[in-house]
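Enquirer: Before I ask anything, here is the structure I am working with.
Taken together, the values in this text are just the output of simple stated rules run on the coordinates, not laboratory data. Remember, predicted model here, so these are calculated numbers, not experimental data. Cβ atoms come from the backbone with ideal geometry, glycine included; neighbour counts cover every protein chain shown.
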Amino acid sequence: MPAQGKHRRSQSTSLRRGLVAVTAGGAVLALPVIGATSAFAAPAPAAAPQQAVAPASVSAQVNSAVQAAPAQHSVAAGETLSKIAREYSVSGGWEKLYEGNRKIVGENPDLIHPGIKLTLGTKAAKASPSAARGAEADRADRSERVNAAPVAKAAPAAEKAVTYTNDLDGWIKESLAVMAEQGIPGTYEGIHRNIMRESSGNPAAINNWDSNAVKGTPSKGLLQVIDPTFQAYHVPGTSTDSYDPVANITAACNYAADRYGSIDNVFGAY
């Protein structure tokens, strides 16, 4: 009879005993049967994935238009519509300024009285405050990051008004600016050269001895213009006083442009 076998129990299995009937030559033997059944632990339920936090909007940008009150200017002695329009960079020049103040100025734009208040128009200012962007969740560590919206750029500042010195250099430069607006040709050199010949730069110069003076119309001012010529070639927006430096220069240049093509073409009495 073979030796009875020994069975080693496995640590990873559980043993279960049973009886099996075996027939051998008519005898029934009851033998123990060892059955090995592997034990498997049920898998733990998987953790539900975390839901990402949707970004939330913190605030919205707001744009608003603020209408500023009309700006005004109180006229001082010696000022003209053309000079005021240039000083405040009025769109449309002295004509637009006159159009908006015709009731107070009157029918003659060349006659503006000291003390009257001219309306210069209105300016619209836009205010656009900055707004913060919404927080955005980070799925890894669920930390919040906030991005601030960029601050809106401020509107560019208005162009600074040009000012002129109250001397020969300033008078010529201001006259050239008026001439450019009116399409009157001429250069600084041409104007300066003729002024020095006619009046030596004295705006109050007057000729009381030539043929014009004998006729009762003496030549006056920087470019020695007689009254009939000044009135015929006066440039709108400048003073009606023939001694006014800018008015005298622009009227003389207007006359020279009509007769000689430009003040630059004048090299003697004209």
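Enquirer: Distance in nm between label sites at residue 240 and residue 96, each 7 Å beyond Cα in the beta-carbon direction?
Expert: 2.6
Enquirer: Full extension from residue 162 to residue 119: what is 0.36 nm times the residue separation minus their Cα-Cα distance, to one decimal in nm?
Expert: Working: separation 43, 0.36 × 43 = 15.48 nm, distance 1.94 nm.
Using 0.36 nm per residue and subtracting the Cα-Cα distance, I get 13.5 nm.
Enquirer: For labels at residue 177 and residue 215 in the simple 7 Å Cα→Cβ model, what's the distance in nm?
Expert: The modelled label-to-label distance comes out at 3.5 nm.
Enquirer: Can you list, largest first and rounded to whole Å, the semi-axes you get for the range 161-265 by taking the square root of 5 times each eigenvalue of its Cα gyration tensor?
Expert: Details: eigenvalues 86, 42, 34 Å².
Equivalent-ellipsoid dimensions as semi-axes: 21, 15, 13 Å.
Enquirer: Can I ask one more? Please find the FRET efficiency linking residue 111 to residue 262, where r is the Cβ-Cβ separation and R0 is fixed at 35 Å, and quote it to the nearest 0.05.
Expert: Details: r = 30 Å, r/R0 = 0.85.
FRET efficiency, residue 111 to residue 262: 0.75.
Enquirer: Ok, one more. Using a basic spin-label model with each label point 7 Å from the Cα along Cα→Cβ, how many nm lie between residue 188 and residue 72?
Expert: Calculated label separation equals 3.8 nm.
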